[in-house]
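Taking it in order: structure first as structure tokens, then the write-up.
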Amino acid sequence: MFKKLKEYDVSNKRVFLRLDLNVPVKEGKIKDDSRITAALPTIRYLLERNARVVAASHLGRPKNGPAPEFSLAPVAKRLAELLPGTDVVFAGDVVGDDAFSKASALKEGELLLLENLRFETGETKGDEELAAKIRKFGDVYVTDAFGAVHRAHASVFQAPKLFDVVLAGFLIEKEIQYLKENLEKPERPYFALLGGAKVSDKIPILKSLVEKVDGIAIAGGMAYTFLYARGEKVGRSILETEMVGTATAIMKRAAERGIPFLLPVDHVIASSMEDPVPTESAKIDDNSSAFDIGPKTIALFAAEIKKAKTIVWNGPMGVFEKEQFRKGTVEIAKAVADTGAVKIVGGGDSVSAIKVAGVENRITHISTGGGASLELIAGDKLPGVEILYEKGQ
Ligand code: AMP
């Protein structure tokens, strides 16, 4: 098992805290601070116990060391606003003189945020020397960086190896509880709902889920490769011809296991995404694309959703960003929200889709990680999660 934050007395300790503060920043302004606010419970818990906290995160993908547009300075400013009464200190480097002198001057109940971890090129390489430097920032390693646990990066995987005490923060604790522990022994029937643009992005999760679940429904752009594989006409809908073999193999496996494998039976079609008059149709003509699921499909999926005790959902049912193609995603979100099942939604766009439908408060768990959620749901071993289990023994 892994050790949770509350299972160790962090009072007055020096803590290195790995966070995921990878927020969208444009011209120095934060466009969406939800990752910062999501990290607050763990930060507050540590500060209230008078820990001296050295926090670190990555932001974006700087390629060759420091680059001002990827600085965490705006994040430090926002953190200070969100933590009134707390001294939030910002270091201009990661493991340089500024960081270490500010870390040693840190008083109990104070927070130091380091500059972007990826300004150190060793971070993404999983460099052990960088990890050894990170070790010097504290005696306790706490992680809440769920968005990064699928990477064997220095601060995620190598650094915690060097600490005696390694703890999961509140965010990670919930993610592991729902995406790993619960799904290893799901309440059945266990139903998976997958959408989004491409089959190719979701092959590992599809291959894994088809072995585990009691039913699958596929919609969104990826459904059209499956329909094509079944011999149906898909017009100009998104089609990944190189994925047709994989799609066929997945459907064959579902048939061998005798589980329902649902695909759209009707669609909302249009001649282009900009077309203001979408049409509901069971067929897709040669000059049209399908951008949403139709009413019969909504009813078909909803009936299956009703029977489920565990539901995993990733990816919108259609081009939900556009009003004309939103209904499928909204109706399915409502159907999911209405069940008493354990409802787990993972991945960036799925989260926006749930918000568009306004049902986010009726979902058991909305995962904050994109790639990390999918890999954990698929049952993969993630470096940043495995190390927590190893250290929690
Ligand atoms: P993903 O990031 O793979 O979950 O894909 C999300 C994207 O898939 C969204 O931007 C949707 O607009 C897009 N999408 C969903 N359904 C379709 C469709 N039928 N045709 C084209 N794009 C779609």
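The values are calculated or read from the model by the stated rules, or taken from the named source; none is laboratory data. None of the values given here were measured: they were computed from a predicted structure. In this analysis, Cβ positions are derived from the backbone assuming ideal geometry, glycine residues included, and neighbour counts consider all displayed protein chains. Just the protein is used for accessible areas: all its heavy atoms, side chains included, with ligands, DNA and RNA removed. Shrake-Rupley method; radii C 1.70, N 1.55, O 1.52, S 1.80 Å.
Per residue, the convex hull spanned by the alpha carbons of segment 178-248 comes to 88 Å³.
Shape call for segment 5-168 from the C-alpha gyration tensor, a ≥ b ≥ c root eigenvalues: rounded (a/c under 1.5), prolate (a/b greater than b/c) or oblate? It comes out rounded by the Cα gyration axes. Within the set of other residues whose C-beta is less than 15 Å from the C-beta of Ala132, count the net charge using Lys and Arg as +1 and Asp and Glu as -1. Value of the local net charge: -2.
To check you understand DSSP bridge types, tell me what percent of the beta bridges within segment 5-168 (both residues inside) are antiparallel, rounded to 5. Can you show the working numbers first?
Values: 2 of 21 bridges.
About 10 percent, rounded to the nearest 5.
A simple rule links phi to the HN-Hα coupling: the Karplus curve 6.51 cos²θ - 1.76 cosθ + 1.60 with θ = phi - 60°, which for segment 373-380 gives 5, 4, 5, 5, 4, 5, x, 6 Hz, with x for Gly and Pro.
Normalised by 2.2 N^0.38 Å, where N is the number of residues, the alpha-carbon radius of gyration of segment 122-173 equals 1.05.
Only four residue types carry charge here, +1 at the Cβ of Lys and Arg and -1 at the Cβ of Asp and Glu. Report the dipole size of segment 291-393 about the Cα centre in Debye, rounded to the nearest 20. Walk me through the numbers on the way to the answer.
On the way: 13 positive and 12 negative charges, 83 e Å.
Here segment 291-393 has a charge dipole of around 400 debye.
In the context of the full protein assembly, Ser289 retains an accessible surface of approximately 10 Å², using a probe radius of 1.4 Å and ignoring ligands and nucleic acids.
Coupling constants for segment 318-328 follow from the phi torsions by the Karplus curve (6.51 cos²θ - 1.76 cosθ + 1.60, θ = phi - 60°), and in residue order they are x, 7, 5, 5, 9, 2, 5, 10, 9, 4, x Hz; glycine and proline get x. Ligands, DNA and RNA left out, the accessible area of the chain computed with a 1.4 Å probe is 48% carbon and sulfur.
Taken over segment 288-391, the ratio of Cα radius of gyration to 2.2 N^0.38 Å equals 1.17. Approximating the spin labels as points 7 Å out from Cα along Cα→Cβ, the Asp380-to-Lys31 distance works out to 2.5 nm. Rounded to the nearest 10 square angstrom, Lys3 shows an accessible area of 80 square angstrom against a 1.4 Å probe.
Each principal axis of segment 176-377 carries a Cα extent, and these read 46, 37, 28 Å when sorted largest first.
Take Phe320: with every protein chain present and a 1.4 Å probe, its accessible area is about 10 Å².
Across the cross-link table entries Lys306/Lys343; Lys306/Lys327; Lys136/Lys391; Lys4/Lys180; Lys4/Lys202; Lys3/Lys343, which are compared at the Cα atoms, the separations over 21 Å belong to Lys4/Lys202; Lys3/Lys343.
Classified by the C-alpha gyration tensor, segment 263-302 has a prolate form. Its axis ratio a/c, with a ≥ b ≥ c, is 1.5 or above, and a/b is larger than b/c.
Here is the size of the chain from its Cα atoms: Rg then Dmax, 22.8, 69 Å.
Excluding ligands, DNA and RNA, what is the solvent-accessible area per residue of segment 5-168 at a probe of 1.4 Å, expressed in Å²?
Numbers: 7070 Å² over 164 residues.
For segment 5-168, the solvent-accessible area averages 43 Å² per residue.
Distances between placed amide hydrogens fall under 5 Å for Phe90 paired with Leu113, all partners being 5 or more residues away or on another chain.
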